[in-house]
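One structure is given here, and the rest of the page talks about it.
Every read-out reported here was derived from the displayed coordinates using simple, explicitly stated rules and does not represent laboratory data. Since we're looking at a predicted model, the values are computed, not measured. For neighbour counting, all protein chains shown are included, and Cβ atoms are generated from backbone atoms with ideal geometry for every residue, glycine included.
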């Protein structure tokens with residue numbers, strides 16, 4: 001009997017080491033958090049063999065937990081649910097930053113039966129550990145009902161704590177990568193995309209439109225006499241106006257459209273699947289929105305600005321990203337050098 005127990009312990013140790021090795025390799029080879037979490041899911045199932053388990057992440061803005069991963073029978077019904085911080089065992093673990101090991105969870109005052117009711121199960125033993133990174137709790141890994149009608153034990157807690165450390169590293173790496181990506185593609189002044197993102201998006205949109213025989217359009221706009229705003233009210237006020245112009249563009253556009261601060265007081269809008277007529281209508285809507293907005297009202301100012309617009313359409317006006325952008329820019333300058341506060345169509 002003792003030999004069998006030693007063999008089981010040895011196998012468990014080997015499985016754990018293999019799991020940690022596999023996850024460690026994954027962490028150094030990818031920034032795809034989904035890929036790493038799927039591997040952790042697999043290893044949790046192999047090593048600890050829970051009947052159900054889940055990984056919940058904390059939404060800092062709402063202070064609620066959501067199910068990032070849910071495994072086991074009926075677990076798909078948990079995905080839409082949200083837990084206020086502190087609710088149920090998982091919520092308590094995140095709020096307090098402490099692990100929980102329970103032989104019979106239903107006898108614990110922190111237990112909430114609503115999740116059993118949703119899934120259609122009866123929770124017995126529970127093991128839950130916080131996901132920590134740099135002193136912050138990101139979420140929780142929670143395991144229920146281990147196979148073999150046994151209860152989780154302190155060895156299981158040690159193993160899950162180590163797996164949770166890997167999961168926290170994966171999540172933090174992915175979030176840091178996303179922040180860096182956003183910093184390189186987002187204009188920090190207006191919150192719109194920057195020119196680097198525009199070039200990437202244009203190349204992608206040209207390739208997609210060629211493949212599927214689609215059209216798309218580009219709007220180039222430049223604020224009229226914007227130097228007068230800076231001269232009269234100062235550069236800080238001018239910068240604040242640019243930010244509010246960005247908000248006007250976002251409000252007036254579809255979710256699929258791509259507004260970009262191109263540089264200075266120049267903006268570009270990429271309109272997927274918009275033909276020439278639709279793009280002209282969007283440009284007119286943007287022109288009116290800018291005209292009708294009194295900028296910096298919160299500062300006691302009511303600054304009015306207008307803009308000149310140029311519109312170019314793929315493939316009618318140009319077949320490459322560079323030519324499309326150049327023609328939209330040229331059309332905009334025709335307006336700026338004549339009437340201002342108007343729209344011109346690209347002409348080859």
From largest to smallest, what semi-axes in whole angstrom does the stretch 28-100 give when each is the square root of 5 times an eigenvalue of its alpha carbon gyration tensor? 21, 16, 13
Highest-first arrangement of 151-163, 95-107, where packing means the average Cβ count within 10 Å: 151-163, 95-107
Mean separation of Cα pairs under 8 Å and 6+ residues apart, divided by the residue count of the chain: what relative contact order is that in percent? 12
Taking the highest mean first, how do the peptides 316-324, 122-130 order by number of other beta carbon atoms within 10 angstrom per residue? 122-130, 316-324
Using the Kirkwood radius over Cα pairs of the chain, the Stokes-Einstein translational diffusion coefficient at 25 °C and 0.890 mPa s, in µm²/s and rounded to a whole number, is 101
Quick one: in the stretch 149-287, what % of C-alpha pairs are over 17 Å apart? 70
For the stretch 32-191, list log₁₀ I(q)/I(0) at each q in 0.15, 0.16, 0.18, 0.20 Å⁻¹, using the Debye formula over Cα point scatterers of equal strength and ignoring solvent, two decimals each. -0.77, -0.87, -1.09, -1.35
Here the tail fraction of P(r) beyond 18 Å, over all Cα-Cα pairs of the stretch 114-160, rounds in percent to 41
Convex hull per residue volume in Å³, alpha carbons only, for the stretch 252-348: 107
For the chain, set up a Gaussian network in which alpha carbons nearer than 10 Å are linked by springs, and say which option among 247, 297, 205 fluctuates the most. 297
